[in-house]
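Trainee: Please find one structure pasted underneath; my questions will follow.
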Amino acid sequence: MYDFEYHKPSSVADAVKILAADPDARAISGGMTLLPALKLRLNKPTSVVDLSGIADLRGVKREGGKLVVGALTRHYEVATSAEVKASIPALAAMAASIGDTQVRNRGTMGGSVANNDPSADYPAALLALGATIQTDRRTISADDFFQGMFATALEAGELVTAIHIPVPEKAGYAKMKNPASRYSMAGVFVAKGPAGVRVAVNGAGNNGVFREAAMEAALSANWSADAVAGIKVDPSGMNGDIHGSAEYRAHLVTVMAKRAVVDAG
Amino acid sequence: MPQVSLTVNGTKHTVEVEARTLLVELLREKLRLTGTHVGCDTSQCGACVVHMGGDSIKSCTILAVQCEGADVTTIEGLAAADGTLHPMQEAFREYHALQCGFCTPGMVMSAIDLVNKHPDGMSEKEIREGLEGNLCRCTGYHNIVKAIAAASDVMQGRTAELTPAAAE
Amino acid sequence: MNAVQPFEGIGASVRRKEDFRFLQGRGMYTDDINRPGQTHAFILRSPHAHATIQGIDTAAAKAMPGVLAVFTSADMTAIGGIPCGWQIHNKDGTPMAEPKHPVLAEGKVRHVGDPVAVVVAETRAQARDAAEAIVVDYAPLQGVSSTEAAIAPGAPAVHDGVAGNLCYDWHIGDKATTDAAFAKAAKVVKFSTTNNRLVPNAMEPRAAIGEFDAMSGDYTLYTTSQNPHVIRLLMGAFVLSIPESKLRVVAPDVGGGFGSKIYHYAEEAIVTWASAKVKRPIKWTADRTESFMSDAHGRDHVSTAELALDTDGKILGLKVHTLANMGAYLSTFAPCVPTYLYATLLSGVYATPVIYAEVKAVFTNTVPVDAYRGAGRPEATYLLERLMDVAAREIGMDRVEFRKKNFIPTAAFPYQTPVALQYDSGDYFSTLAGALETSGWATFEERRSEAKARGKLRGIGISTYVEACGIAPSAVVGSLGARAGLYEVGTIRVHPTGSVTVLTGTHSHGQGHETTLAQLVADKLGVPMANIDIVHGDTAKVPFGMGTYGSRSLAVGGSAMDKAMDKIIAKGKRIAAHLMEASVDDVEFERGTFRVAGTDKTKSLTDISLAAYVPHNYPIDEIEPGLDETAFYDPKNFTYPGGCHICEVEIDPDTGKVSVMGFTAVDDVGRVINPMIVEGQVQGGVAQGIGQALLEAAIYDADGQLISGSMMDYTMPRADDLAPVSVATHTTLCTHNPLGVKGCGEVGAIGSPPAVMNAVVDALRDFGVNHVEMPATPAKIWNIINGHRMAAE
């Protein structure tokens, strides 16, 4: 990788200050996406701002009808959190399925959300659960936050600090992993909660995470796997590569939606 | 040049590194702890797995400067001072869970974390899934899975001694 | 010696000696070695599959921090190209096309990853930084990646002067008698398939350190090699013109090879040559991304086979036509893989009276293709064993019965095939029976029904195979085009107090030689394992040996050791006869003890070794001091392991994912020295075979860009992709080597792919599927199922 300046601020304000002053600075939390990109020299940041020294950005708590997850909370912590398991078991199970053990030991929810990799797991959960992303300066609904492949509503230098997730009545997740990379090649998160019935899809779309309106309508009318079984997803919006055509991914979205509904119970 | 202080296998080191230096480069090149290997450049293979604060991590996917103040254990730090192997090392030998030995350090370090995170033991399926982050090209994993199951029984007190591999 | 010593000889599952260092991070792989004053090299590689180089500007790179030198082919005019170790002759007797394989590209690049320039710098990062400052003026040319496209009229020429990109057009067998057999056939079954291209991906990336000693003029190369003497010969004699006496090649601990570390690679020559230029040691270590585009790949055949049958289902003859991809240049053993290691195996385990095979080898704009675990025999086995299933189905005969009907009878050994080989021993009926029993073949339909009830498609597949390994008789391979002998060397050095050092020309990169070879000594000389050390991998220590590939270490290397031990025993008997005042003819030896026959007069091996090195009371006029013997062993024939593999799979029709539910291997690998290690070798080979069948594919686009160029896109088998593998052996002894051993390193990778694919096709039998190409990925299987459903609607 190319060399860079390393900063380890101890407050959000200090981190934001460094990031705001330098458009080529990159924030790092777990580094599970950034570091592989840097190693392949796909990225040439002038400085890397390590957020791990900032207190109070880590941990899960229940606040009324919501879970509040600190941005630096690691996937392993989400997967094993008694609070998450009690409130949104599908979210804990999803966290336990992200990457491998070593990714889960380092990777953070805030990092995953801010990066919005199209095959990342969390964005689909947050979209389906109607979560709100809190940053150093504002709150943004998941619907507004995720704006296509690797694109978010974050302004330059804006940091995710926490994620607020309404506790749903029921939720489920299923995904087909890419056989080689093991990232999601079609993952569907379904939820029935305060924001209604929502279905979000990762991995498959050609412009990142998206909501599947036809499935939401069908499940609103009849919460069952059969309700989505007949829904054909349009392949024109799907990604195609050596691991599967757009038609295959479109088909997988339906299959995973059925399984997610079964998972939700 | 940035400086990093960390504890590796119980010994404290302070080392000057470029900011871009990875932990695995610090271990292999600065501390000459060459038991931790590099088998890929996409964070897939797991040959570089070490423990930091008790958790398994890929030392190729963390900057050395991110390890300030960290407590790192590598494969060289597993056996007791008198040479007694860790139960996981002993099980790998007993069950022939290594051939070329290159993936072995990372595999052993991952396996120990896996066992530690499953205090009630694991099914064969859980062990296989738990090894998602480690590639082995030699063994077909068959004996690795058996070794981890046997070691977990010792580490968690279900058996007093390592169950010998079946005599052939 | 020590009566309470646990049995450590032949047949004991002795735990491995090498594991202590590997398990504690104390192995010493090439990249773990650091030489005083060491510098680092980075190789700049072509991003183009095919391009002319109109100029290279290295000025900016040379001025970068830490840079000691930048070299291109213009700096290497005095050195030769990388040689090929095997020359195939065309049907008309002319030699194959053998274009130059330059160490660094000369005017043209021919595959993505072709080395163009090298930067030597103080650190690896600096070398890589500087490489980005090299400006190469490429004029891209149309590239070609597939064999069929490369021999099509008008295809881009990979090498000037190689017409039609044809390396050779070779054949074996008798065309006339085969045609005659087909003319009489009641039924001809035709089958075409592709054997997918694979990336070996040993977990240790290749690495090399070159070091030049200006005082002595000696060069040392540390390298990730399976055969250091072969590298010394090829690089010293053909590339760098360094006499053997001035060139030491060390292959220390090597982290897997599977064939990919047999060959002499450009980077070895570069660091060795350049170390004399910069007068400091130079280390190069591949990134995995570099491995994908610079390690020799494996397989990549397109074949058509025709099987002639009589009305009873007896095989009358076989015709095969194969296109084999050589890649852009000829790797060390590439030409022999699709010829003498492939077409000679087309008789398989069957008494096929006549066979005719044609093979065209083709240059393409891809990484060179060479031997990968099994090398030719997996290609032959896959073609044949899929063909047997297709044929059985076409004639409506049970696939097991069809195989048994055509098996070579156990009483027919030695058996001469129509494609050159003579199998010395085997018993295909017993390995078949064992595998059928263990796998629960007879009760499969119950499991299929149970799976169907769960919405899953279950299939079972079988493969019965033979392979040829333990390579190889030097005169035979010489007559077939090998530019080397394939004997092996072993030195048994009994030290004064009775411990033993073994020097072997074979090389261990995972096989456990330090244990298995020591067991041979423990068994024959009665020395405890703890007192036996195996030395390999260093041309400064070991006599000229040929290394490890083709499952040859035990059959050839072990036999050399056995021969050397015979010399030790013969000399020991003479010394013992002197010490015990007996006739040498009366001295017997068994496991460490010399005894005067019929008496209780004995001398231990240690008594004898002490006498040999402290020859006070010693027949010094008749017997030289010392107890140190070397033997070279040239095998009389190949060895022929064989057996039966059965695989059971389940397909999820919703996703197309194939899961392996069980795998049974019953193999005849000859005498088993260490059952634990044999099982491990078979399990590992089967994992690679399952990988080929279900997961792995090196995919190039039509122009030669490598699409699956990292582990993010090339599916490496992981623990949860695989299932437990049941391994058993059924032994018939090899009749022509002293140990009776055949070899076990490759059988798993040879026998398994057709077993898996036959199971996949069986699982899809209700869909009218006759064939599925490897790898059977979820997307591919779903396409088949979906296509069938759409057709039905």
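Trainee: Give, in nm to one decimal, the length gained when the segment between C:Asp218 and C:Asn90 is fully stretched (0.36 nm per residue of separation minus the Cα-Cα distance).
Mentor: Details: separation 128, 0.36 × 128 = 46.08 nm, distance 4.09 nm.
Result: 42.0 nm gained on full extension.
Trainee: Pick out, from A:Thr80, A:Gly148, A:Leu252, the residue whose Cα sits farthest towards the positive end of the charge dipole of the stretch A:60-264, with +1 on the Cβ of Lys and Arg and -1 on the Cβ of Asp and Glu.
Mentor: The Cα lying farthest towards the positive end belongs to A:Thr80.
Trainee: Continuing with this model, one more query. Compute the distance in nm between two label points, each set 7 Å from the Cα along the Cα-to-Cβ direction, one at B:Ala81 and one at C:Ala152.
Mentor: It is 7.2 nm.
Trainee: Now for a different question. Size of the dipole of chain C about the Cα centre, Lys and Arg at +1 and Asp and Glu at -1 on the beta carbon, nothing else charged, in debye to 20? Don't skip to the answer; put the middle values down first.
Mentor: Numbers: 69 positive and 88 negative charges, 21 e Å.
My answer is approximately 100 debye.
Trainee: Sticking with this one: Work from the charge dipole of the protein assembly as shown (Cβ charges, +1 for Lys and Arg, -1 for Asp and Glu, about the Cα centre) and give the residue of A:Gly107, C:Ala412, C:Gly642 farthest towards its positive end.
Mentor: Toward the positive end, the furthest listed residue is A:Gly107.
Trainee: Per residue, what volume in Å³ does the convex hull of the Cα atoms of the protein assembly as shown enclose? Mind dumping the intermediate values first?
Mentor: Numbers: hull volume 227.4 nm³, N = 1226.
Per-residue hull volume (Cα only) is 185 Å³.
Trainee: Suppose we look only past 22 Å in the calculated P(r) of the stretch A:8-148. What percent of the Cα-Cα pairs does that tail hold?
Mentor: Numbers: 3761 of 9870 pairs.
Considering the stretch A:8-148, 38 percent of its Cα-Cα pairs are separated by more than 22 Å.
Trainee: Give me the base-10 log of I(q)/I(0) for the stretch B:87-155 at each q in 0.13, 0.21, 0.23, 0.24 Å⁻¹, Debye formula, one uniform scatterer per Cα, rounded to two decimals.
Mentor: Here log10 of I(q) over I(0) equals -0.28, -0.76, -0.93, -1.02.
Trainee: Write down, largest first, the equivalent ellipsoid semi-axes of the stretch C:274-400 in whole Å, where each equals the square root of 5 times an eigenvalue of the alpha-carbon gyration tensor. Intermediate results must be reported in sequence, preceding the final value.
Mentor: On the way: eigenvalues 329, 36, 27 Å².
In descending order, the three semi-axes are 41, 13, 12 Å.
Trainee: Per residue of C:675-681, how many C-beta atoms from partner chains lie within 10 Å of its own C-beta, taken as a mean? All intermediate terms of the calculation are to be shown ahead of the outcome.
Mentor: Working: counts 2, 8, 2, 1, 5, 10, 5.
Counting Cβ atoms of other protein chains within 10 Å of each residue's Cβ and averaging gives 5.
Trainee: To continue, here is another question. List the residues, sorted by chain then number, that are 5 or more residues from A:Lys177 or on another chain and whose placed amide H is less than 5 Å from its amide H.
Mentor: Here A:Met185 satisfy the definition.
Trainee: Just checking the output field for B:14-26: average partner chain Cβ neighbours within 10 Å of each residue's Cβ?
Mentor: Values: counts 0, 0, 0, 1, 6, 9, 9, 3, 4, 0, 0, 3, 0.
Mean partner-chain Cβ count within 10 Å for B:14-26: 3.
Trainee: Now for a separate question. About its Cα centre, how strong a charge dipole does chain A have in debye, to the nearest 20, once Lys and Arg get +1 and Asp and Glu get -1 at the Cβ? Walk me through the intermediate numbers first.
Mentor: Working: 27 positive and 26 negative charges, 116 e Å.
Value, rounded to 20: 560 debye.
Trainee: Also, I was wondering about something else. If you put +1 on each Lys and Arg Cβ and -1 on each Asp and Glu Cβ, how big is the dipole of the protein assembly as shown around its Cα centre, in Debye rounded to 20? Mind showing how you got there, number by number?
Mentor: Details: 109 positive and 135 negative charges, 165 e Å.
The dipole of the protein assembly as shown has a size of about 800 debye.
Trainee: For the stretch B:3-76, what are the per-bin percents of Cα-Cα distances with bins 10 Å wide, up to the bin holding the maximum?
Mentor: So the P(r) values, bin by bin, are 22, 62, 16.
Trainee: C:Ser449 to C:Lys187: FRET efficiency via 1/(1 + (r/R0)^6), r the Cβ-Cβ distance, R0 51 Å, to the nearest 0.05?
Mentor: The pair C:Ser449/C:Lys187 has a calculated efficiency of 0.95.
Trainee: Using every alpha carbon pair in the stretch C:1-68, what percent of pairs falls into each 5 Å bin from 0 up to the bin containing the largest distance?
Mentor: Bins of 5 Å from zero give 3, 9, 10, 11, 10, 10, 8, 8, 7, 7, 5, 5, 4, 3, 1 percent of pairs.
Trainee: Turning to a different aspect of this structure: With θ taken as phi - 60° and the coefficients 6.51, -1.76 and 1.60, list the Karplus ³J(HN,Hα) couplings across the stretch C:320-328 in order, rounded to whole Hz; mark glycine and proline as x.
Mentor: Calculated HN-Hα couplings, in order: 9, 10, 10, 9, 10, 8, 8, x, 7 Hz.
Trainee: Return the subset of A:Lys61/A:Lys170; C:Lys184/C:Lys636; C:Lys175/C:Lys314 for which the Cα-Cα distance in this structure is over 26 Å, preserving the input order. The partial results should precede the final answer.
Mentor: Values: A:Lys61/A:Lys170 19 Å; C:Lys184/C:Lys636 37 Å; C:Lys175/C:Lys314 20 Å.
From A:Lys61/A:Lys170; C:Lys184/C:Lys636; C:Lys175/C:Lys314, over 26 Å: C:Lys184/C:Lys636.
Trainee: If r is the Cβ-Cβ distance from A:Asn222 to B:Ala166 and R0 is 51 Å, what FRET efficiency results, to the nearest 0.05?
Mentor: Values: r = 53 Å, r/R0 = 1.04.
For A:Asn222 and B:Ala166, the calculated efficiency is 0.45.
Trainee: I'd like the projected area of the stretch C:200-286, averaged over all directions, using the convex hull of its alpha carbons. Report it in nm² with one decimal. Let's see the in-between values first.
Mentor: On the way: hull surface 20.2 nm².
Mean projected area for the stretch C:200-286: 5.0 nm², to one decimal.
Trainee: Another one. Over 17 Å apart: what share of the alpha carbon pairs of the stretch C:238-287 falls there, rounded to a whole percent? Intermediate results must be reported in sequence, preceding the final value.
Mentor: On the way: 519 of 1225 pairs.
Every Cα pair in the stretch C:238-287 considered, those over 17 Å come to 42 percent.
Trainee: Something else: Can you give the Kirkwood hydrodynamic radius for the stretch C:549-681, in Å, rounded to one decimal and based on Cα pairs?
Mentor: Numbers: mean 1/r = 0.0526 Å⁻¹.
One over the average 1/r among Cα pairs gives 19.0 Å for the stretch C:549-681.
Trainee: Rounded to two decimals, what ratio of Rg to Rh does the stretch C:235-336 give with C-alpha atoms and a Kirkwood Rh? Could the numbers behind the result be given before it?
Mentor: On the way: Rg = 21.0 Å, Rh = 17.6 Å.
Using Cα coordinates only, the ratio equals 1.19.
Trainee: Going by how many other beta carbons lie within 10 Å of each one, how would you line up B:Ser110, A:Ser220, fewest first? Don't skip to the answer; put the middle values down first.
Mentor: Numbers: B:Ser110 28, A:Ser220 14.
Ascending Cβ contact count within 10 Å gives the list A:Ser220, B:Ser110.
Trainee: Follow-up. Return the FRET efficiency for the residue pair C:Thr52, C:Asp621: r is the Cβ-Cβ distance, R0 is 60 Å, and the value is rounded to the nearest 0.05.
Mentor: Working: r = 73 Å, r/R0 = 1.21.
Calculated transfer efficiency: 0.25.
Trainee: For the stretch C:235-245, just list the computed ³J(HN,Hα) in residue order, Karplus coefficients 6.51, -1.76 and 1.60, θ = phi - 60°, integers in Hz, with x standing in for Gly and Pro.
Mentor: Using θ = phi - 60°, the values come out as 6, x, 7, 9, 9, 9, 6, 10, x, 3, 5 Hz.
Trainee: For the protein assembly as shown, build the charge dipole from Cβ charges (+1 Lys, Arg; -1 Asp, Glu) around the Cα centre, then report which of B:His13, B:Thr163, A:Ala195 sits farthest towards its positive end.
Mentor: Ranked along the dipole, the leading option is A:Ala195.
Trainee: Could I ask something else about it? Test of understanding: what is the full-extension gain from C:Ala163 to C:Thr194, defined as 0.36 nm times their sequence separation minus their Cα-Cα distance?
Mentor: Working: separation 31, 0.36 × 31 = 11.16 nm, distance 2.41 nm.
Contour length minus Cα-Cα distance gives 8.7 nm.
Trainee: Can I ask one more? Quick one: check the C-alpha center-to-center distance for the stretch C:158-220 versus the stretch C:88-134, whole angstrom.
Mentor: Rounded to whole Å, the Cα centres lie 19 Å apart.
Trainee: Convex hull over the alpha-carbon atoms of chain A: what's its volume per residue in Å³?
Mentor: Numbers: hull volume 30.3 nm³, N = 265.
Per residue, the Cα convex hull of chain A comes to 114 Å³.
Trainee: Cβ neighbours within 10 Å, averaged per peptide: list A:232-245, B:145-158, C:460-473 in order, most packed at the top.
Mentor: Working: A:232-245: 17.3, B:145-158: 21.0, C:460-473: 27.1.
Ranking, from highest mean packing down: C:460-473, B:145-158, A:232-245.
Trainee: Moving on. Taking the inverse of the average 1/r across all pairs of different Cα atoms in chain B, what Kirkwood radius in Å do you get?
Mentor: Values: mean 1/r = 0.0612 Å⁻¹.
Averaging 1/r across every pair of different Cα atoms and inverting gives 16.3 Å.
Trainee: Going by a ≥ b ≥ c, the root eigenvalues of the Cα gyration tensor, does the stretch A:64-216 fall in the rounded group (a/c under 1.5), the prolate group (a/b larger than b/c) or the oblate group?
Mentor: On the way: a/c = 1.07, a/b = 1.05, b/c = 1.01.
Here the stretch A:64-216 falls in the rounded category.
Trainee: In a Debye calculation with equal point scatterers on the alpha-carbon sites of chain C and no solvent, what is log10 I(q)/I(0) at q = 0.09, 0.10 Å⁻¹?
Mentor: Here log10 of I(q) over I(0) equals -0.88, -1.06.
Trainee: Where the convex hull is taken over the Cα atoms of the stretch A:186-246, what is its projected area averaged over directions, in nm²?
Mentor: Working: hull surface 17.0 nm².
Over every viewing direction, the Cα hull of the stretch A:186-246 projects on average to 4.3 nm².
Trainee: If you don't mind, there's one more thing I want to ask. When only alpha-carbon atoms are used, what values of Rg and Dmax, in angstrom, describe the stretch C:89-220?
Mentor: Looking at the stretch C:89-220, its Cα Rg and Dmax stand at 23.1, 76 Å.
Trainee: Could you pull out every residue, at least 5 positions away or on a different chain, whose amide H is within less than 5 Å of the one on C:Asp295? Hs are placed 1.01 Å off N in the peptide plane, and Pro or chain starts have none.
Mentor: none
Trainee: Among the trypsin sites (Lys or Arg not before Pro) in the stretch A:2-83, which ones are in a DSSP loop with at most 16 other Cβ atoms within 10 Å of the Cβ? Mind listing them? Write down the numbers at each step before the final one.
Mentor: Details: sites: A:Lys17, A:Arg26, A:Lys39, A:Arg41, A:Arg58, A:Lys61, A:Arg62, A:Lys66, A:Arg74; in loops: A:Arg41, A:Arg58.
Passing sites in the stretch A:2-83 are A:Arg41.
Trainee: Can you give me the long-range amide H partners of C:Val249? Hydrogens built in the peptide plane at 1.01 Å from N, cutoff under 5 Å, separation of 5 or more residues or another chain.
Mentor: Answer set, sorted by chain and number: C:Leu221, C:Thr539, C:Ala540.
Trainee: Looking at the P(r) of the stretch C:107-180, how many percent of alpha-carbon pairs lie beyond 15 Å? Could the numbers behind the result be given before it?
Mentor: Numbers: 1909 of 2701 pairs.
Pairs farther apart than 15 Å: 71 percent.
Trainee: Report ³J(HN,Hα) in whole Hz for each residue of the stretch C:52-57, in order, from the Karplus equation J = 6.51 cos²θ - 1.76 cosθ + 1.60 where θ = phi - 60°; Gly and Pro get x.
Mentor: The phi angles translate into 8, 9, 8, x, 10, 10 Hz.
Laboratory data are not the source of any read-out in this text; all were calculated from the coordinates shown. The shown structure was predicted, so the numbers you read here are calculated from the model rather than taken from an experiment. When we count neighbours, we look across all protein chains shown, and the Cβ atoms used for this are built from the backbone with ideal geometry, even at glycine.
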